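> Below is one structure. I have some questions about it.
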Amino acid sequence: SSVLITGESGTGKELAARAIHSNSVRARHSFVTVNCGAIPEGLIESELFGHVRGSFTGAVADKKGLVETADRGTLFLDEIGELAPQLQVKLLRVLQEGEFLRIGDTQTRKVNVRIVAATNRDLKKSIVDKQFREDLYYRLNVIPIELPPLRKRVEDIPLLVSHFVEKHKTKVPEKKITGIDRDAVQQLINYHFPGNVRELENSIEYAMAFTSGPVVSREDLPKYILDDRRLGEEARAIPLMPLKDAKSQFERSIITAALIESGGNISEAARI
């Protein structure tokens, strides 16, 4: 079945797609990745579907597209929300009928491929904005998988940290790094990671490059992560109360400020 993986950038969408492929009956065949946002619009149709010789200037030979290369395997379409509308129609044909045309060809070709798509965009909003086809969305979204951001699964951070230490310690063999201390892990847990798992991996690689070894310490982490502790201190300074009460208190404060600014003129305060 087709799979649609959604989530913020850096959450591991391609990793999830590879896991699906490697645990499927298609694992013995190709896993082909296409970043729909990275290939120029004028080239992506040829990259996906191929072309025949002479179909356009520069087409000096027949070329097999990535859809055909992925036959019997998995085609991973990353950033599917960036795909141009005219190509969405051709992709829909692949999903519905398992067939496509190379550019300039008159002979339809058959293909047996499972499509896994991924996006960090809200495709339902794109449908409303007429940027994404509704019929294609439902063909892709047979099995939806949503990857939560790292800040919503902080219990994963210690496991990921251990994994990335093992992965990158071979780059600095002279330091004989054995691990990372508890304070450093706690600092990482406290950080909000807007770049998600990718940012976490980069921060671990940075710390390992600058540590004197063999144990990575809190002071080895990037400065912006260390400075982020102020956010926690600010949060602790706010008195805890029910959200309804907090909103009422904020509204009173901002209305009072507007009245002071307007010199007591109610209409002007309302405008502000």
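The values are calculated or read from the model by the stated rules, or taken from the named source; none is laboratory data. What you see is a predicted model; the values in this text were computed from it and never measured. Every residue, glycine among them, receives a Cβ derived from its backbone with ideal geometry; neighbour counts consider all protein chains shown. Areas reflect the complete protein model, heavy atoms only, side chains present, ligands, DNA and RNA absent. Shrake-Rupley method; radii C 1.70, N 1.55, O 1.52, S 1.80 Å.
> Identify all residues within the stretch 170-195 that are more than 16 Å from P158 (Cβ to Cβ), in contact (Cβ under 8 Å) with a residue 24 or more places away in the chain, open to solvent by less than 90 Å² (accessible area, probe 1.4 Å) and part of a helix (DSSP H, G or I); write none if there are none.
Scanning the stretch 170-195 gives a single hit, K175.
> Can you find even one residue in the stretch 110-121 that is open to solvent by less than 40 Å² (accessible area, probe 1.4 Å), outside any strand (DSSP E or B), within 28 Å of L15 (Cβ to Cβ) and not aliphatic (A, V, I, L, M)?
Applying the first criterion (open to solvent by less than 40 Å² (accessible area, probe 1.4 Å)) to the stretch 110-121 yields 111, 113-119.
After this cut, where a residue has to be outside any strand (DSSP E or B) as well, the list is 111, 113.
With the extra rule that they be within 28 Å of L15 (Cβ to Cβ), the set shrinks to 111, 113.
Retained after the next criterion (residues that are not aliphatic (A, V, I, L, M)): none.
Taking every residue of the stretch 110-121 in turn, none turns out to be open to solvent by less than 40 Å² (accessible area, probe 1.4 Å), outside any strand (DSSP E or B), within 28 Å of L15 (Cβ to Cβ) and not aliphatic (A, V, I, L, M).
> Here's a follow-up. Restricting to the stretch 145-169, what's the tally of residues that are in contact with a Ser or Thr (Cβ under 7 Å, 6 or more places away or on another chain) and of a type in the set (D, E)?
Matching residues across the stretch 145-169 total 1.
> Looking at S162, S203, which is the one that is farther than 19 Å from G7 by Cβ, assigned to a helix (DSSP H, G or I) and within 19 Å of the chain's Cα centre (by Cα)? Walk me through it before giving the result.
On the way: S162 fails: within 19 Å of the chain's Cα centre (by Cα).
Sole residue among the options that is farther than 19 Å from G7 by Cβ, assigned to a helix (DSSP H, G or I) and within 19 Å of the chain's Cα centre (by Cα): S203.
> Here's a check for you: in the stretch 122-145, which residue that is assigned to a loop (DSSP other than H, G, I, E, B) and on the phi < 0 side of the Ramachandran plot is least open to solvent (accessible area, probe 1.4 Å)?
Filtering the stretch 122-145 down to residues assigned to a loop (DSSP other than H, G, I, E, B) leaves 122, 129-133, 141-142.
Right, trim to on the phi < 0 side of the Ramachandran plot and you get 122, 129, 131-133, 141-142.
Values: D122: 93, D129: 72, Q131: 90, F132: 10, R133: 86, N141: 38, V142: 84 Å².
That would be F132.
> So how many residues does the stretch 238-272 have that are outside any helix (DSSP H, G or I), at pLDDT 80 or above and aliphatic (A, V, I, L, M)?
1
> Limited to the stretch 17-28, what total is found for residues that are more than 25 Å from D122 (Cα to Cα) and either open to solvent by 60 Å² or more (accessible area, probe 1.4 Å) or touching a Ser or Thr at 6+ places or on another chain (Cβ under 8 Å) (or both)? Step through it out loud before you land on a result.
Of the residues in the stretch 17-28, the ones more than 25 Å from D122 (Cα to Cα) are 22-28.
Now restrict to residues that are either open to solvent by 60 Å² or more (accessible area, probe 1.4 Å) or touching a Ser or Thr at 6+ places or on another chain (Cβ under 8 Å) (or both): 22-26, 28.
Qualifying residue count for the region: 6.
> Another question, then. For the stretch 15-34, indicate whether the set of residues that are at pLDDT below 95 and either hydroxyl-bearing (S, T, Y) or on the phi > 0 side of the Ramachandran plot (or both) is non-empty.
No, the stretch 15-34 has no match at all.
Here is a yes/no grid of residues against (1) closer than 23 Å to A19 by Cα; (2) out of contact with any helix residue (DSSP H, G or I) (no Cβ under 9 Å at 6 or more places or on another chain); (3) not polar (S, T, N, Q):
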position	(1), (2), (3)
Q86	no, no, no
G98	no, yes, yes
N112	yes, yes, no
K125	no, yes, yes
D129	no, yes, yes
R133	no, no, yes
L150	yes, no, yes
H168	yes, no, yes
I177	no, no, yes
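> I'm trying to understand the selection: among the residues of the stretch 72-109, which are open to solvent by 40 Å² or more (accessible area, probe 1.4 Å), over 27 Å from S24 (Cβ atoms) and assigned to a loop (DSSP other than H, G, I, E, B)?
Result: L101, G104, T106, Q107.
> When the stretch 1-52 is examined, which residues are found to be touching a residue at least 60 places away in the same chain (Cβ under 8 Å), of a type in the set (G, A, S) and part of a helix (DSSP H, G or I)? Steps first, please.
Filtering the stretch 1-52 for residues touching a residue at least 60 places away in the same chain (Cβ under 8 Å) gives 1-14, 16-17, 20-21, 24, 26.
Now drop any that are not of a type in the set (G, A, S), which leaves 1-2, 7, 9-10, 12, 16-17, 24.
Result: A16, A17.
> Of the residues E8, E41, E14, only one is open to solvent by 50 Å² or more (accessible area, probe 1.4 Å) and in contact with a helix residue (DSSP H, G or I) (Cβ under 8 Å, 6 or more places away or on another chain); which? Let's see the steps before the verdict.
Details: E41 fails: in contact with a helix residue (DSSP H, G or I) (Cβ under 8 Å, 6 or more places away or on another chain); E14 fails: in contact with a helix residue (DSSP H, G or I) (Cβ under 8 Å, 6 or more places away or on another chain).
Result: E8 is the single residue among E8, E41, E14 that is open to solvent by 50 Å² or more (accessible area, probe 1.4 Å) and in contact with a helix residue (DSSP H, G or I) (Cβ under 8 Å, 6 or more places away or on another chain).
> If the requirement is being modelled with pLDDT under 95, under 20 Å from the mean Cα position of the chain (by Cα) and under 30 Å from D71 (Cα atoms), which of these qualifies: R121, R151? Spell out the reasoning first.
Values: R151 fails: under 30 Å from D71 (Cα atoms).
R121 is the lone residue from the list that is modelled with pLDDT under 95, under 20 Å from the mean Cα position of the chain (by Cα) and under 30 Å from D71 (Cα atoms).
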